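Structure first, then comments.
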Amino acid sequence: MNAIQGITFEKNRETKRRYLRVDLEQYGDEIIPFLVKVGVLSFDDDFEKVWTSAITGEEFRKRMYQRIDAWPWKEK
């Protein structure tokens, strides 16, 4: 079998192929559906819920300045 950059087989003590190492930067788009199917990864977590309800950077800046302006500053 030809060697492919980013994919290597690891062998056990009996020199039988036992594990596969895959570079996710190179092949993540292809391997992630498999990982989801076998249950290693899950996209049903809270991240998606939080991400969709997140505020924009501009909204954050606006709220931050509103809070700073509301502080009781003491002039010297």
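Computed from the coordinates by the stated procedures, all read-outs in this text should not be read as laboratory data. Since we're looking at a predicted model, the values are computed, not measured. Here the Cβ positions follow ideal geometry from the backbone for every residue, glycine too, while neighbour counts run over all protein chains shown.
A few comments on the model shown:
- At 0.692 mPa s and 37 °C, Stokes D of the chain from Kirkwood alpha-carbon radius, µm² per second: 185
- Restricting the chymotrypsin sites (Phe, Trp or Tyr not before Pro) of region 27-73 to loop positions (DSSP other than H, G, I, E, B) with no more than 14 neighbouring Cβ atoms within 10 Å leaves F43, W73.
- Sparse packing (at most 14 other Cβ atoms within 10 Å of the Cβ) combined with a DSSP loop state is found for the following GluC sites (Glu not before Pro) in region 26-76: E75.
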